[in-house]
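The next block holds one structure in the form of structure tokens; read it before the comments.
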Amino acid sequence: MPTAPKRRAGRSGSLTRLLWTLPPIAVLGLVFLYPLYLVVEQSFHPDEGGTSLAPYREVFASEAFREALWTTVWIAVGATVGCLILGFVLALIIAFVPFPGGKAVAKFIDVFLSFPSFLITLALLFIYGTVGMANGVWTDATGAASGPFDFLTTPWGVLLAEITYFTPFVMRPLLAAFSGLDTAQLEAASSLGARPARIIRQVILPEALPALAAGGSLVLVMCLNEFGIVLFTGAKGVTTLPMLVYSEAILESDYPAACVVAVVNIAISVSLFGLYRVVVARTGRGATSTLSKGASRVGA
């Protein structure tokens, strides 16, 4: 049995750990959890007073909310799929196709991640906007009154801007995964007569699955919460959940409705983050065995 001094030392150590734990917990609660609590609380308080589910019933019954939810989901999913495809192809080229400036391009991707999203949107407006470069070249060449490029103010413009901005968030983990890939497996597969498409499918892709899952999940969550791109494109009729929160709170001064939409947005984001953790954990466990099997199958 532990002696009295050991028991006292154990209690003292537990108390010390508790004292060290309390400050970060207090900061976390004050900075993050308390504002979130205020949003959730306000969502249950209609303007008429009291506490009820009336704000939720009104928001869920509105056509504007259903359209915003659908728009948010399909743009986020479409942008994520586009980022996964484009990011995988570009990462393959940078990692496995030697070309001058390849390392500089890889380093630029890290810098690109620090750019604000509205900067990319402004760049697209300068190129494809109504008075942008592409339309200017067209009108100068043809003498037409206006150019043919007007898609930036449509949902497709938002989709293009999000794919352009978020693709590096997929490329970065892919490049890190490719840097750790054993090139001897690629050489062995090639010497056994495997075509590039088969090497990509059975050797490289299994190694990339955890990075694809991580990057894709991150992009999906960020697209669901993206506000700046939708705002700066000025897309007509494109109202996402973050835009609806802005409209209800700032333009309509309907704070309970804005909080309800915000709570829904938070719930979707947290659920997707939980799914991301599950997918990454399962994919990570199976990636190593799948990679070794793929290298042995390519010559079959």
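The values are calculated or read from the model by the stated rules, or taken from the named source; none is laboratory data. Predicted model, so just to flag it, every value in this text is computed and none were measured. Cβ coordinates were reconstructed from backbone atoms using ideal geometry, including for glycine residues, and neighbour counts include every protein chain displayed.
A few points about this structure:
- Selection status of A211, over 30 Å from Y56 (Cβ atoms) and small (G, A, S): yes
- Condition check for G87: touching a helix residue (DSSP H, G or I) at 6+ places or on another chain (Cβ under 8 Å) and either modelled with pLDDT of 80 or more or surrounded by 12 or more Cβ atoms within 10 Å (Cβ to Cβ) (or both): yes
- Candidate set from segment 149-173 (those that are in contact with a helix residue (DSSP H, G or I) (Cβ under 6 Å, 6 or more places away or on another chain) and surrounded by fewer than 19 Cβ atoms within 10 Å (Cβ to Cβ)); member that is farthest from L220 (Cα to Cα): F149
- Candidates in segment 238-254 are the residues that are surrounded by fewer than 20 Cβ atoms within 10 Å (Cβ to Cβ) and in contact (Cβ under 8 Å) with a residue 24 or more places away in the chain; of these, the one that is farthest from R66 (Cα to Cα) is D254.
- Residues in segment 13-24 include none that are modelled with pLDDT of 75 or more and under 28 Å from V219 (Cα atoms).
- Residue, modelled with the lowest pLDDT, within segment 95-132, restricted to residues that are assigned to a loop (DSSP other than H, G, I, E, B) and within 19 Å of L231 (Cα to Cα): V131
- Residue in segment 147-163 that is among the β-branched types (V, I, T) and without any contact (Cβ under 8 Å) to a residue 24 or more places away in the chain present: no
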